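Any read-out appearing in this document is the output of simple, stated calculations on the displayed coordinates, not a laboratory observation. Owing to the predicted nature of the structure, the values given are computational and were not obtained by experimental measurement. Reconstructed Cβ throughout: ideal geometry from the backbone, glycine too, with neighbour counts over all protein chains shown.
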Amino acid sequence: MRFMKFVVGALMLSVAALSSASPAAPKNGVEFKTLPTPQPVDSGKKVEVIEFFDYACPHCFAFDPTLSAWVKKQGDNIVFKRVHISRSGTDLPQEKMFFTLSAMGLLTDAMHTKIFTEMHVNHNRMSRDEMAFDFVAKQGVDRQKFIEIYRGLGVAGSVRRSASMMDAYGVDSWPMIAIDGKYVTSPTMANEGSKSATTEAELHAQAVQVMDFLVAKAKAEKK
């Protein structure tokens with residue numbers, strides 16, 4: 001009986017600790033940041049959510065299932081977009097692949113997951129153009145058409161816009177989530193207040209709480 005009381009007491013303490021550590025009331029400058037200059041959005045009455053990510057980033061790969069489930073749960077509340085990051089002075093084949101598939105209308109959720117899996121499970125880093133060409137061809141994409149768009153002005157423009165957006169949103173690490181052109185947060189940022197997370201799963205859970213808060217805040221501000 002004494003042992004049971006100890007277990008119940010320990011569980012209650014654990015729940016209380018998690019409750020106090022969770023970012024239920026996120027603070028500006030801690031769990032999220034307000035952009036000094038709001039960025040334009042074209043989502044109407046819905047809240048725009050942008051993920052800045054990198055296919056080569058293991059943290060982006062780990063966060064993707066949680067983020068995808070959150071987007072699905074948000075439903076018509078949001079308009080969700082992804083932007084692959086750029087690195088100054090570095091040509092990233094996986095970034096150009098992202099924008100090429102987007103331009104072709106082929107970047108489905110399934111294709112997005114396949115790319116992550118290819119890089120992090122199959123360990124094909126797709127660090128050269130030909131590696132990206134080979135991969136998409138295996139997915140049934142017209143190789144020659146893909147190459148033409150990949151090397152075209154449209155994709156080059158998308159790469160430049162990505163770099164410009166990163167500057168505007170202050171993106172210096174990823175994954176990073178931008179909410180309605182006003183706020184940014186991330187799994188790491190969401191843990192800043194409590195410093196309680198010990199696993200990536202806990203970081204992700206905290207990020208989702210902050211994202212829920214920011215979507216609700218942005219939605220209220222649209223009224």
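Just the number: Rg to Rh for the chain, Cα atoms, Kirkwood Rh, two decimals.
Details: Rg = 19.9 Å, Rh = 19.1 Å.
With Rh from the inverse mean 1/r over Cα pairs, Rg/Rh is 1.04.
In debye, nearest 20: dipole of the chain around its Cα centre with unit charges on the Cβ of K, R (+) and D, E (-)? Let's see the in-between values first.
Values: 27 positive and 24 negative charges, 113 e Å.
Charge dipole of the chain: 540 debye, to the nearest 20.
Spelling out what I want: for every residue of region 116-122, take phi, set θ = phi - 60°, compute 6.51 cos²θ - 1.76 cosθ + 1.60 (Karplus), and round to whole Hz; glycine and proline get x.
3J(HN,Hα) across region 116-122, in whole Hz: 4, 5, 4, 7, 9, 9, 8.
Please give me the summed charge of the neighbours of HIS84: other residues whose Cβ is under 12 Å from its Cβ, Lys and Arg +1, Asp and Glu -1.
Values: positive: LYS81, ARG82, ARG87, LYS96, ARG161; negative: GLU51, ASP54, GLU95.
In short, +2.
Could you go through region 206-216 in sequence order and give the Karplus-derived ³J(HN,Hα) for each residue, using 6.51 cos²θ - 1.76 cosθ + 1.60 with θ = phi - 60°, rounded to whole Hz, and x for Gly and Pro?
5, 4, 4, 4, 5, 5, 4, 4, 6, 5, 4
Rounded to the nearest 500, what is the chain's calculated 222 nm mean residue ellipticity when only DSSP H runs of at least 4 contribute -39500 (n - 2.57) each, over all residues?
-17500 deg cm²/dmol
Could you list, bin by bin from short to long, the percent of Cα-Cα pairs of region 139-223 in 5 Å steps?
3, 12, 16, 14, 13, 12, 11, 10, 6, 2, 0
Can you give me the long-range amide H partners of ASN191? Hydrogens built in the peptide plane at 1.01 Å from N, cutoff under 5 Å, separation of 5 or more residues or another chain.
Under 5 Å from the amide H of ASN191: no residue qualifies.
Please report SER102, SER68 as a ranked list, fewest other C-beta atoms within 10 angstrom at the top and most at the bottom.
On the way: SER102 18, SER68 14.
With the sparsest Cβ surroundings first, the list reads SER68, SER102.
What does the net charge come to around GLN139 if you take all other residues with beta carbon closer than 11 Å to its beta carbon, with K and R at +1 and D and E at -1? Can you show the working numbers first?
Numbers: positive: LYS114, LYS138, ARG143; negative: GLU118, ASP134, ASP142.
Here the count lands on 0.
Give me the percent relative contact order of the chain, please, defined on Cα pairs under 8 angstrom at least 6 residues apart. Provide the component values of the computation, followed by the final result.
Working: 266 pairs, mean separation 78.1, N = 223.
So the answer I get is 35 percent.
Give me the net charge of ASN191's neighbourhood, meaning all other residues with Cβ under 13 Å from the Cβ of ASN191; Lys, Arg count +1, Asp, Glu -1. Please list the in-between numbers first.
Working: positive: LYS27, LYS195; negative: GLU31, GLU192, GLU200, GLU202.
Here the charged neighbours net out to -2.
Given H placed on each backbone N at 1.01 Å, which residues far from VAL79 in sequence or on other chains put an amide H within less than 5 Å of it?
Residues meeting the amide H criterion: VAL47, GLU48, VAL49.
Run the reach check for LYS46 against aspartates and glutamates, Cα to Cα strictly under 13 Å, same-chain hits fewer than 8 apart removed. What comes back?
ASP76, ASP180, GLU221
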